[in-house]
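S.K.: Here it is: the structure, laid out below.
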Amino acid sequence: MNSLNKTFLPTKNYKNRNWYLIDCKGQSLGRLATIITSLLKGKVKPQYHPSVDSGDYIILINADSIIINENSKQYFVYNPGRPGSSLKIKNTSDCLPKLTIERAVKRMLSKTETKRLMRRLKIYNDQTHLHSAQNPVKIDLTNLYSTIKLDTK
């Protein structure tokens with residue numbers, strides 16, 4: 001008998017989704033969006049496989065107090081191909097924080113994943129959220145950044 005290792009591939013009905021609660025207070029937008037995309041895809045799980053969706057649900061609270069670069073611009077294209085009125089330029093700080101977080105996460109995902117995975121992202125501007133029945137696990141990103149910095153030295 002051949003004694004090769006067996007690879008575990010989760011099936012489509014393998015439901016092991018967790019709920020995570022992330023506080024956005026004092027977090028920068030880009031670093032937060034990279035963590036959110038890896039959690040939505042399920043890349044942090046040991047049973048991750050690209051063809052199987054094993055991502056988690058994420059609840060973001062205090063989205064109003066996220067750190068955004070105020071000098072950066074956002075370009076809105078309303079009527080592509082129409083000169084004049086098609087391009088609007090806004091400062092990022094003038095836009096809604098929920099919209100900026102959604103755009104940052106959505107643009108880090110592939111086009112085939114966005115509709116399915118963005119349903120699992122819940123964003124709230126204040127401390128209250130509607131998902132306390134799911135018992136979300138609170139993730140402290142300040143400790144996560146400090147452990148990453150310690151590992152690189």
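S.K.: Given a cut-off of 26 Å, name the pairs among Lys43/Lys111; Lys25/Lys73; Lys12/Lys98; Lys43/Lys138; Lys12/Lys45 whose C-alpha atoms lie farther apart than that in the structure shown.
M.R.: Lys12/Lys98
S.K.: Starting from the Cα-Cα distance between Ala133 and Arg116, subtract it from 0.36 nm times their residue separation and give me the gain in nm to one decimal.
M.R.: Values: separation 17, 0.36 × 17 = 6.12 nm, distance 2.24 nm.
Gain in length upon complete extension: 3.9 nm.
S.K.: Oh, and also: How much FRET efficiency would the formula 1/(1 + (r/R0)^6) give for His49 and Asn71, where r is the Cβ-Cβ distance and R0 is 41 Å, rounded to 0.05? Intermediate values should be presented prior to the final figure.
M.R.: Details: r = 41 Å, r/R0 = 0.99.
Calculated value: 0.50.
S.K.: Listed highest first by mean packing, meaning other Cβ atoms within 10 Å per residue, what order do 36-48, 112-124 come in?
M.R.: Values: 36-48: 17.0, 112-124: 14.8.
Ranked by mean Cβ neighbours within 10 Å, highest first: 36-48, 112-124.
S.K.: Students often forget the sequence filter, so: which aspartates and glutamates lie under 17 Å Cα-Cα from Lys115 once same-chain residues fewer than 8 apart are removed?
M.R.: Filter leaves Asp53, Asp56, Glu102.
Coordinate-derived values only; no laboratory data. Given the structure is predicted, the values throughout are model-derived calculations rather than measurements. Cβ coordinates were reconstructed from backbone atoms using ideal geometry, including for glycine residues, and neighbour counts include every protein chain displayed.
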